[in-house]
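The values are calculated or read from the model by the stated rules, or taken from the named source; none is laboratory data. Because the structure is predicted, anything quoted here is derived from the model rather than measured. Counting neighbours? That spans all protein chains shown, and the Cβs are built from the backbone with ideal geometry, glycine included.
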Amino acid sequence: MIELSGVKKSFGSNHVLRGVDLNVRRGESMVIIGGSGTGKSITIKCVLGLITPDAGKITVDGQDILNQPRDAFLARFGMLFQGGALFDSLPVWQNVAFRLLRGSLARPKDEAREIAIEKLRRVGLKPDVADRLPAELSGGMQKRVGLARAIAADPEIIFFDEPTTGLDPIMSGVINDLIREIVVEMGATAMTITHDMTSVRAIADKVAMLHDGVIQWTGPIGELDQTDDPYVRQFVGGLAEGPIEAVR
Amino acid sequence: MLRLLAGIGAGVLAALAAVGRVVLFALATLRHMLTPPFYVKEYGQAVINIGYFSLPVVGLTALFTGGALALQIYSGGARFNAEAVVPTIVAIGMVRELGPVLGGLMVAARVASSIAAEIGTMKVTEQIDALVTLSTHPMKYLTVPRVLAATLCVPVLVGVGDIIGIMGGYLVGTSRLGFNSNAYLTNTFDFLEFWDVASGLIKGAVFGFLVALMGCYYGMNSGRGAQGVGRATKAAVVAASVLILASNYILTEVFFSA
Ligand SMILES: Nc1ncnc2c1ncn2[C@@H]1O[C@H](COP(=O)(O)OP(=O)(O)OP(=O)(O)O)[C@@H](O)[C@H]1O
Ligand SMILES: [Mg+2]
């Protein structure tokens with residue numbers, strides 16, 4: 001469904017992506033792992049068209065993302081940003097219901113608010129946070145509001161950039177279950193970036209490892225522990241020794 | 001020598017490229033202004049932030065300027081026994097030149113900076129990206145309401161400033177310079193022409209447009225981190241102020257030199 005081939009992106013002399021090939025099928029949960037600063041967030045932003053790659057092709061349902069009507073295209077996606085990226089001028093519920101309050105998916109305000117509160121509940125937040133401003137919430141709470149916003153309009157493709165960083169272990173478990181549920185019950189296609197191996201095992205159908213600007217390894221979650229790929233073994237085992245240099 | 005020329009050439013090219021980007025940004029703003037969707041609530045918010053909350057600053061600026069102007073013209077006019085021109089010159093100077101320019105500069109300081117800082121922060125915290133993924137065009141949602149509000153509000157601010165400035169001159173004139181209250185007012189309005197006022201208001205609209213445009217442009221193109229936002233804010237205020245003064249000269253030339 002989502003296909004990247006030969007995607008390259010550099011910032012000046014920093015060659016972040018050097019030819020990424022990746023294929024995510026419909027209804028599949030793909031998890032991308034890889035060291036900090038290897039370009040995982042950039043990869044996702046390329047698919048959404050927030051960043052234009054220097055080279056390579058990205059297609060969704062066989063269609064090049066560049067020649068699609070932007071609004072209809074983006075309406076199919078939900079995105080949780082690594083930093084939350086909540087609109088700090090709007091109260092929490094209007095953040096969550098942002099898409100439901102305007103544009104092609106607009107609906108009455110009461111209904112939008114109800115949906116927002118329901119989504120907040122699903123990420124473990126009580127209704128009384130709905131009228132607060134994002135700045136009044138803790139980092140982990142903001143992250144979960146971001147998650148609620150990403151799933152608010154029930155998109156068919158969802159990107160989660162580090163959904164569990166900054167959360168306590170119990171809340172991480174809740175979020176992992178939620179992501180799994182969205183994929184299994186709603187049939188959504190998910191791409192998740194995470195460093196947390198517990199999350200990887202809870203969420204993934206398939207895993208791809210990004211290193212040195214290319215996908216070093218990709219395979220079903222079951223093969224993650226069997227593979228003898230040295231990069232994956234070092235990353236999964238959290239070892240200081242191996243082909244990946246600890247100082248980058 | 002050759003290197004010097006190459007340096008100058010590169011500088012000129014960079015400057016032209018920057019001007020080109022700003023012009024393209026302005027054209028895109030106008031295009032988005034005319035095509036739906038329109039964000040009425042954001043527009044209302046911008047009117048309050050840019051127009052309403054600028055009233056005190058612009059009013060105080062005009063009051064003191066009008067007063068100082070009356071004192072200056074009185075002492076200058078005294079050199080050739082022309083003290084009686086104070087009301088007329090204060091009025092004309094205020095509505096044609098000082099009202100729009102000083103009002104515009106105060107708005108530039110207050111509004112260009114806050115727009116650039118707000119949008120710049122949104123940019124570095126990925127809120128602009130988030131807007132895009134939520135199928136909302138940042139130009140339509142952020143730039144258009146602010147630019148439109150500033151273009152429509154600054155003339156109103158200038159108008160209010162004109163009145164307060166003339167009042168400042170009147171207060172000084174009657175209390176310190178011994179003018180008769182009725183004579184001062186008659187002199188003020190008898191010689192003031194419609195075009196004097198209208199030209200000042202048009203200037204105000206242009207300045208408002210430029211101020212909000214610079215705030216949005218530098219905010220949207222802000223560099224990364226707090227430092228990037230700081231630079232964007234500074235650049236927006238400087239660019240807005242310089243553009244106000246430059247366009248004021250051009251407009252004055254166009255309006256009054258014929
Ligand atoms: N706008 C930008 N301008 C310049 N360089 C950038 C920009 N965005 C990202 N980079 C660089 O691209 C590289 C990859 O960034 P990216 O955010 O994709 O990393 P990541 O894999 O998501 O890391 P993390 O796990 O820490 O989030 C980094 O080296 C970063 O410095
Ligand atoms: Mg990242």
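Taking the condition farther than 30 Å from A:Gly103 by Cα, more than 16 Å from ligand 2 (Cβ to nearest atom) and charged (D, E, K, R), does A:Asp54 pass? Answer is yes for this residue. Considering segment B:100-184, the qualifying helices (runs of 4 or more DSSP H), each wholly inside and each with 2 or more residues that are among the charged types (D, E, K, R) and within 30 Å of B:Ala68 (Cα to Cα), run over B:144-176.
Would you please name the residue that is nearest to ligand 2 (Cβ to nearest atom), looking only at residues in segment A:202-222 that are touching a strand residue (DSSP E or B) at 6+ places or on another chain (Cβ under 9 Å) and in a helix (DSSP H, G or I)? Please lay out each step first, then the result.
Step one: list which residues in segment A:202-222 are touching a strand residue (DSSP E or B) at 6+ places or on another chain (Cβ under 9 Å), which gives A:203-221.
Filter once more, so that each one left must be in a helix (DSSP H, G or I): A:203, A:221.
Values: A:Ile203: 16, A:Ile221: 21 Å.
The extreme case among them is A:Ile203.
Only residues that are within 16 Å of ligand 1 (Cβ to nearest atom) and out of contact with any strand residue (DSSP E or B) (no Cβ under 7 Å at 6 or more places or on another chain) were counted across segment A:154-166, and they come to 3.
Only one residue in A:Glu223, A:Glu245 is over 29 Å from B:Thr125 (Cβ atoms), more than 15 Å from the chain's Cα centre (by Cα), within 16 Å of ligand 1 (Cβ to nearest atom) and without any contact (Cβ under 8 Å) to a residue 12 or more places away in the chain. Which one? Going through A:Glu223, A:Glu245 in turn, the sole match is A:Glu245.
Sub-6 Å Cβ pairs linking a first residue in segment A:79-103 that is in contact (Cβ under 8 Å) with a residue 24 or more places away in the chain to a second residue that is away from ligand 2 (no atom under 16 Å from the Cβ) and basic (Lys, Arg), at least 6 apart or interchain, are A:Val92/A:Arg132; A:Trp93/A:Arg113; A:Asn95/A:Arg149; A:Val96/A:Lys119; A:Val96/A:Arg149; A:Leu100/A:Arg107, ordered by first then second residue.
Taken over segment B:129-162, the criterion of being surrounded by 22 or more Cβ atoms within 10 Å (Cβ to Cβ), in contact (Cβ under 8 Å) with a residue 40 or more places away in the chain and over 16 Å from the mean Cα position of the chain (by Cα) is satisfied by B:Leu142, B:Thr143, B:Val144, B:Pro145. Looking across segment A:44-67, the residues that are within 16 Å of ligand 1 (Cβ to nearest atom) and either in a loop (DSSP other than H, G, I, E, B) or within 14 Å of chain B (Cβ to nearest Cβ) (or both) come down to A:Ile44, A:Lys45, A:Cys46, A:Val47, A:Leu48, A:Gly49, A:Leu50, A:Ile51, A:Thr52, A:Pro53, A:Asp54.
B:Thr29 - would you say it is under 28 Å from B:Ser175 (Cβ atoms), surrounded by 15 or more Cβ atoms within 10 Å (Cβ to Cβ) and polar (S, T, N, Q)?
Values: under 28 Å from B:Ser175 (Cβ atoms): no; surrounded by 15 or more Cβ atoms within 10 Å (Cβ to Cβ): yes; polar (S, T, N, Q): yes.
The answer is no for B:Thr29.
Where helices (runs of 4 or more DSSP H) sit wholly within segment A:68-171, those with at least 3 residues that are within 13 Å of chain B (Cβ to nearest Cβ) occupy A:70-74, A:92-96, A:139-151. For segment A:186-201, which positions are away from ligand 2 (no atom under 16 Å from the Cβ) and within 13 Å of the chain's Cα centre (by Cα)? Those that are away from ligand 2 (no atom under 16 Å from the Cβ) and within 13 Å of the chain's Cα centre (by Cα): A:Ala188, A:Thr189, A:Ala190. A single member of A:Val236, A:Val183, A:Val174 is closer than 21 Å to A:Val92 by Cβ, away from ligand 2 (no atom under 16 Å from the Cβ), more than 14 Å from chain B (Cβ to nearest Cβ) and assigned to a helix (DSSP H, G or I), and it is A:Val174.
So, B:Ala82, is that one at pLDDT 95 or above and surrounded by 11 or more Cβ atoms within 10 Å (Cβ to Cβ) or not? It is false that B:Ala82 is at pLDDT 95 or above and surrounded by 11 or more Cβ atoms within 10 Å (Cβ to Cβ). Cβ separations smaller than 7 Å between residues 6+ apart or across chains give the following pairs from segment A:35-49 residues that are touching a residue at least 24 places away in the same chain (Cβ under 8 Å) to residues that are near ligand 2 (Cβ under 8 Å from one of its atoms): A:Lys40/A:Ile193; A:Ser41/A:Gln82; A:Ser41/A:Asp161; A:Ser41/A:Ile193; A:Ile44/A:Asp161; A:Ile44/A:Ile193.
Do you know which of the residues in segment A:176-188 that are out of contact with any Gly (no Cβ under 8 Å at 6 or more places or on another chain) and touching a residue at least 40 places away in the same chain (Cβ under 8 Å) is farthest from B:Ala130 (Cα to Cα)?
The extreme case among them is A:Arg180.
Tell me, please, whether a residue that is over 14 Å from the mean Cα position of the chain (by Cα), within 16 Å of ligand 2 (Cβ to nearest atom) and either part of a loop (DSSP other than H, G, I, E, B) or within 14 Å of chain B (Cβ to nearest Cβ) (or both) can be found in segment A:18-26. Checked against the condition, which is being over 14 Å from the mean Cα position of the chain (by Cα), within 16 Å of ligand 2 (Cβ to nearest atom) and either part of a loop (DSSP other than H, G, I, E, B) or within 14 Å of chain B (Cβ to nearest Cβ) (or both), segment A:18-26 yields no hits at all. Only one of the numbered conditions (1) within 30 Å of A:Lys143 (Cα to Cα); (2) charged (D, E, K, R); (3) within 18 Å of the chain's Cα centre (by Cα) is not met by B:Glu42, and that is (3). For segment B:99-157, the set of residues classified as within 13 Å of chain A (Cβ to nearest Cβ), hydrophobic (A, V, I, L, M, F, W, C) and within 30 Å of A:Pro155 (Cα to Cα) consists of B:Ile119, B:Met122, B:Val124, B:Ile128, B:Ala130, B:Leu131, B:Val132, B:Leu134, B:Met139, B:Leu142, listed by residue number.
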